[in-house]
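Below is one structure, written out as structure tokens; comments come after it.
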Amino acid sequence: MLRLTRRSTLAALVALASAAASAVAVMPGTARAADPVKLEIGYIPILAASPLFIVDGQGWAKEAGIQLKLTRFESGPHAIQAMAAGQIDLLYAGVAPVLVARTKGADISVIANSAVEEMVVAARGPFAKAMGANPTAESFKKFAADSGRKPKIGTQPPGSVPDTVLKHWLFKVVKVDPADVELVPMGIEKTQQALLAGALDAATIASRR
């Protein structure tokens, strides 16, 4: 996959715009430039989507004859549903929802990559102290026994990259018993707000946020 630079981002937009563009109207003896091609692009509010706002803010899309409409989504699965339904043309989101959509027959493809290994599990308070530097299945059990409740870990909806990565880490790497942890799916902004407010013990977040 391509790393997103100005050139590769514009190339992707122009390629899609060319496919969507209608013929230029020409009057006898005159010619005019084609109307801007309109593209609606969905995004998740994470740093990986920043190239989109640079392209738009610097006017590069406009220079290429593309009029952008940006639509915000709180999670990848919701955005993929909108894309599969034809409500948006392009999407900045994690790859996991795309893979799920492809397996279900959706005509969606990855054309560029803007982030690598950006997800982390951030913990706070007593839970962070209980986990230490090397969380284990036993430390999860001990926290539940000492506090009288399961640790609450916030993440995005099932099928999203944060949810997929978290479950792999918990159940495949650390080998935590699913009965020893409570996963709380919510939108990405709400996840961070809940963690900061102390409503969650931990959460999956982008490492650069």
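The values are calculated or read from the model by the stated rules, or taken from the named source; none is laboratory data. Bear in mind that the values here come from a model prediction, so they are computed numbers and not experimental data. Ideal geometry is used to build each Cβ from the backbone, glycine not excepted, and the neighbour counts take in all protein chains shown. Remember, those area values only see protein heavy atoms, side chains included, never the ligands or the DNA or RNA. Shrake-Rupley method; radii C 1.70, N 1.55, O 1.52, S 1.80 Å.
Among the candidates Glu182, Glu138, Glu118, single out the residue that is among the acidic types (Asp, Glu) and in contact with a Pro (Cβ under 8 Å, 6 or more places away or on another chain).
Working: Glu138 fails: in contact with a Pro (Cβ under 8 Å, 6 or more places away or on another chain); Glu118 fails: in contact with a Pro (Cβ under 8 Å, 6 or more places away or on another chain).
None of the other options fit; the residue is Glu182.
Being among the hydroxyl-bearing types (Ser, Thr, Tyr) and within 14 Å of Val121 (Cα to Cα) is the filter here, so list the residues in the range 151-209 that pass it.
Here is the first cut: in the range 151-209, the ones among the hydroxyl-bearing types (Ser, Thr, Tyr) are 155, 160, 164, 191, 204, 207.
Of everything in the range 151-209, those that are among the hydroxyl-bearing types (Ser, Thr, Tyr) and within 14 Å of Val121 (Cα to Cα) turn out to be Thr155, Thr164, Thr191, Thr204, Ser207.
Any residue at all in the range 169-184 that is among the charged types (D, E, K, R), assigned to a helix (DSSP H, G or I), open to solvent by less than 50 Å² (accessible area, probe 1.4 Å) and farther than 30 Å from Gln87 by Cα?
Here is the first cut: in the range 169-184, the residues among the charged types (D, E, K, R) are 172, 175, 177, 180, 182.
Narrowing the set further to residues that are assigned to a helix (DSSP H, G or I) leaves 172, 180.
The next check asks that each one be open to solvent by less than 50 Å² (accessible area, probe 1.4 Å); those that pass are 180.
In the following step, the residues that additionally are farther than 30 Å from Gln87 by Cα were identified as 180.
Scanning the range 169-184 turns up at least one residue that is among the charged types (D, E, K, R), assigned to a helix (DSSP H, G or I), open to solvent by less than 50 Å² (accessible area, probe 1.4 Å) and farther than 30 Å from Gln87 by Cα.
For the range 84-143, what are the residues that are of a type in the set (S, T, N, Q) and under 30 Å from Thr71 (Cβ atoms)?
Keep residues of the range 84-143 that are of a type in the set (S, T, N, Q), which gives 87, 103, 109, 113-114, 134, 136, 139.
Once the filter is applied, which keeps residues that are of a type in the set (S, T, N, Q) and under 30 Å from Thr71 (Cβ atoms), the range 84-143 yields Gln87, Thr103, Ser109, Asn113, Ser114.
State whether the residues of the range 106-119 include one that is at pLDDT 85 or above and not aromatic (Phe, Trp, Tyr). Step through it out loud before you land on a result.
Taking the range 106-119 as the starting set, the residues that turn out to be at pLDDT 85 or above are none.
No, there is no match, as no residue in the range 106-119 is at pLDDT 85 or above and not aromatic (Phe, Trp, Tyr).
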